[in-house]
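*Asks:* Quick one: the structure is below, questions incoming.
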Amino acid sequence: MEPEEQPTDNSAWKNKARPAIYAMAGFYLAYLSYQMFKQISVTSGSEQTMMIVFSILFAVIGVGGILFGLMAGYKNTKDRK
């Protein structure tokens, strides 16, 4: 293998793996949001307000990460054809 072929292979691998990592991170944030939302009834005061705000924030970012990862993966497979 010639040295000039290595960066091309490395960038191709990154283009395949990056959308999957974004989607997995999005699923984790959505799951974390769900777990926080279930615990809201146990908390009170300013802690409850913070949990509501961050569970909504994690849900939005998580769904965005899932959608971005899936769309980027779809575009990568479409470009290869």
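*Asks:* It is to be established whether one or more residues within region 1-12 are modelled with pLDDT of 90 or more and loosely packed, with under 14 Cβ neighbours inside 10 Å.
*Replies:* Taking region 1-12 as the starting set, the residues that turn out to be modelled with pLDDT of 90 or more are none.
The answer is no; no qualifying residue exists.
*Asks:* While we're looking at this one, here's another question. Tell me which residues, restricted to region 23-70, are surrounded by 17 or more Cβ atoms within 10 Å (Cβ to Cβ), within 12 Å of the chain's Cα centre (by Cα) and of a type in the set (G, A, S).
*Replies:* Those that are surrounded by 17 or more Cβ atoms within 10 Å (Cβ to Cβ), within 12 Å of the chain's Cα centre (by Cα) and of a type in the set (G, A, S): A23, G26, A30, A59, G62, G65, G69.
The values are calculated or read from the model by the stated rules, or taken from the named source; none is laboratory data. Note that the structure is predicted; figures quoted are calculated from it, not measured. All Cβ positions, even for glycine, are placed from backbone atoms using ideal geometry, and neighbour counts span all protein chains on display.
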